[in-house]
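Quick notes on the structure that follows.
The values are calculated or read from the model by the stated rules, or taken from the named source; none is laboratory data. This structure is a prediction, so every number in the text was calculated from the model and none was measured. Glycine also receives a Cβ, built like all others from the backbone with ideal geometry; neighbour counts cover every protein chain displayed.
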């Protein structure tokens with residue numbers, strides 16, 4: 001376990017500074033909306049909707065996920081990365097972040 | 001309405017050749033799985049999971065959607081585009097498809 | 001060697017139907033412009049230009065390459081894929097194309 | 001002009017902390033290599049190389065540009081963003097960075 005996150009009992013890694021409630025709510029809403037879009041996609045496929053219209057809807061969900069990722073990235077930089085920089089432990093943190101962005105680009 | 005799809009009564013555009021049942025089932029399963037992943041993401045955010053781990057999960061859903069889009073694209077080319085080529089009406093069809101791919105790249 | 005392309009003497013695979021001259025010229029111009037953008041990027045880096053401005057320029061080159069790829073894809077579908085469909089040899093051709101699009105998404 | 005970069009005489013924005021020489025050299029080499037790849041692409045198109053092989057080469061250049069962008073992003077975070085955080089001026093800096101990543105995703 002690196003110093004920037006913690007998991008009291010060997011469980012999943014937790015954020016050291018909890019997300020503000022308003023951010024958590026915003027993310028939860030966006031995820032729920034994306035879930036609804038996926039359900040709509042299932043319906044479109046079941047009803048024989050024209051391929052290009054289905055693809056357009058998939059692009060929309062993908063874009064919604066990118067937006068969620070950007071919101072998380074911003075929060076991550078403003079909290080975890082900022083803390084790491086203040087504590088002079090930022091190199092590993094930044095490398096970790098670049099890895100996450102790389103997975104998105106690739 | 002273009003000539004390559006139809007909608008009997010002004011409703012949504014439908015695929016002229018219906019998707020094979022096996023394809024429909026595969027797509028439905030994949031969409032349901034992606035929905036489950038989104039629900040899991042909501043839980044992760046609610047539990048304060050570390051940002052990078054949430055981002056990694058978002059990358060996974062995004063990749064799952066890309067796979068679904070590729071399956072649809074392949075079916076679209078094997079049916080709608082192939083029909084259009086056989087009927088010498090392919091230019092508009094291919095332009096439409098390129099537009100859909102462009103929305104994915106961009 | 002698959003049936004859809006040829007290479008007289010074991011050299012690189014060639015397009016069976018040559019590209020129209022106007023398309024070739026358009027692609028050559030776009031590639032030359034992208035090369036010029038890359039040279040400009042080298043200069044920006046050498047002069048200590050601010051990171052975000054360099055990144056913006058990289059996004060522009062990437063977008064220019066996507067555009068070139070879309071032009072090639074469209075030509076490929078209108079010629080090679082259309083020929084394969086007319087000759088009932090399209091499954092492998094479409095699979096090959098989906099693979100190429102997948103490399104772009106991923 | 002924001003506080004995190006400067007341009008002595010109204011010219012282009014410069015990085016406040018210059019890039020290390022080794023980083024500059026690495027970036028210059030990568031950009032030169034990508035330029036060479038583009039020249040190779042021009043030759044492939046002129047010689048009628050098969051579309052899918054050209055597309056594969058475009059994917060390779062695109063990937064090379066992504067790698068260059070990630071190297072720049074990392075340097076940007078380790079210098080400009082870190083400085084901004086130390087000086088409590090990081091919100092605008094992070095917003096600017098998220099905008100740049102957004103342009104890459106989209």
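For the range D:78-95, how many residues meet the condition of being assigned to a helix (DSSP H, G or I), surrounded by fewer than 20 Cβ atoms within 10 Å (Cβ to Cβ) and out of contact with any strand residue (DSSP E or B) (no Cβ under 9 Å at 6 or more places or on another chain)?
Narrowing the range D:78-95 to residues assigned to a helix (DSSP H, G or I): D:78-86, D:90-95.
Checking the rest, the ones that are also surrounded by fewer than 20 Cβ atoms within 10 Å (Cβ to Cβ) come to D:78-79, D:83, D:86, D:91-92, D:95.
Applying the additional criterion that residues be out of contact with any strand residue (DSSP E or B) (no Cβ under 9 Å at 6 or more places or on another chain) yields D:78, D:83, D:86, D:91-92, D:95.
So the count comes out to 6.
Taking the residues in the range A:69-81 that are in contact (Cβ under 8 Å) with a residue 40 or more places away in the chain and more than 7 Å from chain B (Cβ to nearest Cβ) as candidates, determine which candidate is nearest to residue B:97 (Cα to Cα). Before the answer, list the steps.
Step one: of the range A:69-81, the residues in contact (Cβ under 8 Å) with a residue 40 or more places away in the chain are A:71-72, A:75, A:79-80.
Filter once more, keeping what is more than 7 Å from chain B (Cβ to nearest Cβ): A:71, A:79.
Working: A:71: 31, A:79: 42 Å.
So, considering only residues that are in contact (Cβ under 8 Å) with a residue 40 or more places away in the chain and more than 7 Å from chain B (Cβ to nearest Cβ), the one nearest to residue B:97 (Cα to Cα) is A:71.
What pairs come out if I take residues in the range D:94-106 that are facing chain C (nearest Cβ under 9 Å) and pair them with residues that are in a helix (DSSP H, G or I) whose C-beta lies under 6 Å away, six or more apart or interchain?
The qualifying pairs are D:96/C:52; D:100/C:52; D:100/C:55; D:103/C:59; D:104/C:59.
Looking at the range B:44-68 only, could you name the residues that are more than 7 Å from every other protein chain (Cβ to nearest Cβ) and within 20 Å of the chain's Cα centre (by Cα)?
Correct list: B:57, B:60, B:63, B:64, B:67.
Taking the conditions exactly as written (surrounded by fewer than 21 Cβ atoms within 10 Å (Cβ to Cβ) and either in a helix (DSSP H, G or I) or within 8 Å of another protein chain (Cβ to nearest Cβ) (or both)), does residue C:34 satisfy them or not? Please lay out each step first, then the result.
Numbers: surrounded by fewer than 21 Cβ atoms within 10 Å (Cβ to Cβ): no; either in a helix (DSSP H, G or I) or within 8 Å of another protein chain (Cβ to nearest Cβ) (or both): yes.
No.
Of everything in the range D:1-24, what is more than 10 Å from chain C (Cβ to nearest Cβ) and at pLDDT 90 or above? Give them in sequence order.
D:20, D:21, D:22
I'd like to know if the range C:56-77 contains one or more residues that are at pLDDT below 95 and not in a helix (DSSP H, G or I).
The answer is no; no qualifying residue exists.
Exactly one of these conditions fails for residue C:7: (1) surrounded by fewer than 17 Cβ atoms within 10 Å (Cβ to Cβ); (2) under 15 Å from the mean Cα position of the chain (by Cα). Give me its number.
Against the list (1) surrounded by fewer than 17 Cβ atoms within 10 Å (Cβ to Cβ); (2) under 15 Å from the mean Cα position of the chain (by Cα), residue C:7 comes up short only on (2).
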